[in-house]
Amino acid sequence: MKRVILCAASLIVALCMPLCAQTISGTWQGTLPAAENPRIMVRIRKADDGSLRGVLYQMDKRASGIALTSVSFAAPNLSLEQVNLGVSYRGKVSPDGKLIDGVWAQDKKSYPMTLLLATPETLWKPDGPTALAPMSPTADPAFEVATIKPSPPDAKGHSFSMRTRDFAARNRTVQDLIEWAYQVSDRQISGAPPWMTETKFDIAGKPDAEGLPSPDQYRLMIQKLLANRFQLKLHVIKQTFPVYALTRDEKAPVLPHSDPGLDTGNAYVSDSPDGQTVLHFVGMSMPMFSSFLMRFIEDRQVVDETGLTGYFEFTIKIPTSDLDSSPADSGPTDTEGDAIRRGIQPLGFKLVPKKEPIDVIVIDHLDQPSAN
């Protein structure tokens, strides 16, 4: 009897070894059997904190990737999801670990798709119309061509678009442009004429340098546009304000860095079954995260004092009922601010009230835009 048990145990171990030894880290690629047969690439890696992270590349569209909002692997089963795109993939890794057979779901349709583990020789290169290499980091770009038009009076919503080489702003004020280009809040701008916060514009611009600009290069181009087309002149002073210092406990868990090549400053929002709103941050620097927090905490400036540099990927959860406690467009409530504070605590973040001098932009001169 003892020999039978030992033999059975040995058999279980032998069967388990190929699965237990499987790793999902690597670059996987396959062709989706849909219109135009788009090529899909998924890059999976183990992050600094031991969790799995993934990046989705649409090879025929653009060079930069989109972070997956969840990656789950229990050999041999893999589950991927990007909630904002409405994309998911469920598959099973082969015993040799070289392919995944599964089902890709998108736009309420499902497609069988096999992903193959890429090698340096088989790795695909992006070659779509907008699959651009990054602009040289030493480039000093400006807009070669830029059009500025008043927004339609009945325009709804507003946006900045930087998904390709071309920049577009829709239904935006000069105040919006200054805040974005100089990374300041409204309390950090002084001396603005009333029309700066009231008149809205649609703007389109094309860079004069090759490649896809970085966010900082886009900001530089907007600064030059403001100076050349709106004749903006300004100077910077220091002024003391009540602030919240964003700090982080030294004993906090490791904050994983984002994958290189991802767009920066993205926040993906989804709802979990347990009644919470999930905020998944990708390519988020701490100054960017400080600015994001001010959407919910308006009474003070949030300044970064974490000492962290680079771009990170992390998730916070907030009870949805706390975020839905105020009417639309009424501004954040105390409940929302408190919920955000609680949501960031598990990651070791704290908001410490204090007073500090911060930069204030003083508008010396500003004109209506010059003709196109």
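Inspection of segment 271-292 finds a residue satisfying the criterion of being surrounded by fewer than 18 Cβ atoms within 10 Å (Cβ to Cβ), among the polar types (S, T, N, Q) and more than 14 Å from the chain's Cα centre (by Cα).
Among the residues of segment 70-110, the ones that are among the basic types (K, R) and in contact with a Leu (Cβ under 6 Å, 6 or more places away or on another chain) come to 1 in all.
Taking the listed residues D334, D324, D367, the one that is modelled with pLDDT of 95 or more and charged (D, E, K, R) is D367, with no other qualifying. For segment 158-188, name all the residues that are among the small types (G, A, S) and buried (at least 18 other Cβ atoms within 10 Å of the Cβ). Hits for segment 158-188 are A169, A181.
Identify all residues within segment 55-84 that are over 21 Å from D101 (Cα atoms), not in a loop (DSSP other than H, G, I, E, B) and not basic (K, R); write none if there are none. Correct list: G65, I66, A67.
Counting only strands (runs of 3 or more DSSP E) that sit completely within segment 231-297, those holding 3 or more residues that are of a type in the set (K, R) correspond to 233-248.
Residue-by-condition table, conditions (1) modelled with pLDDT of 95 or more; (2) under 23 Å from L293 (Cα atoms):
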position	(1), (2)
P129	no, no
T147	yes, no
A155	no, no
R172	yes, yes
L212	no, no
M221	yes, no
R229	yes, no
L232	yes, no
H235	yes, no
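Please determine, by comparing only the residues of segment 30-46 that are crowded, with 19+ Cβ neighbours inside 10 Å and of a type outside the set (D, E, K, R), which one is farthest from V282 (Cα to Cα). Result: G30.
How many residues are in contact with a helix residue (DSSP H, G or I) (Cβ under 9 Å, 6 or more places away or on another chain) and either assigned to a loop (DSSP other than H, G, I, E, B) or in contact (Cβ under 8 Å) with a residue 24 or more places away in the chain (or both) when one looks only at segment 179-192?
9
The condition (being over 24 Å from D299 (Cβ atoms), in a loop (DSSP other than H, G, I, E, B) and either of a type in the set (K, R) or not assigned by TED's automatic domain parsing to the domain that holds K224 (or both)) is satisfied by just one residue among K149, K156: K156. Taking (1) under 25 Å from L308 (Cβ atoms); (2) out of contact with any Lys or Arg (no Cβ under 8 Å at 6 or more places or on another chain); (3) outside the structural domain of W180 (by TED's automatic domain parsing) in turn, R219 satisfies each apart from (3).
The values are calculated or read from the model by the stated rules, or taken from the named source; none is laboratory data. All values derive from a computational prediction rather than experimental measurement. As a convention, Cβ positions derive from the backbone with ideal geometry for all residues, glycine included, and neighbour counts pool all protein chains shown.
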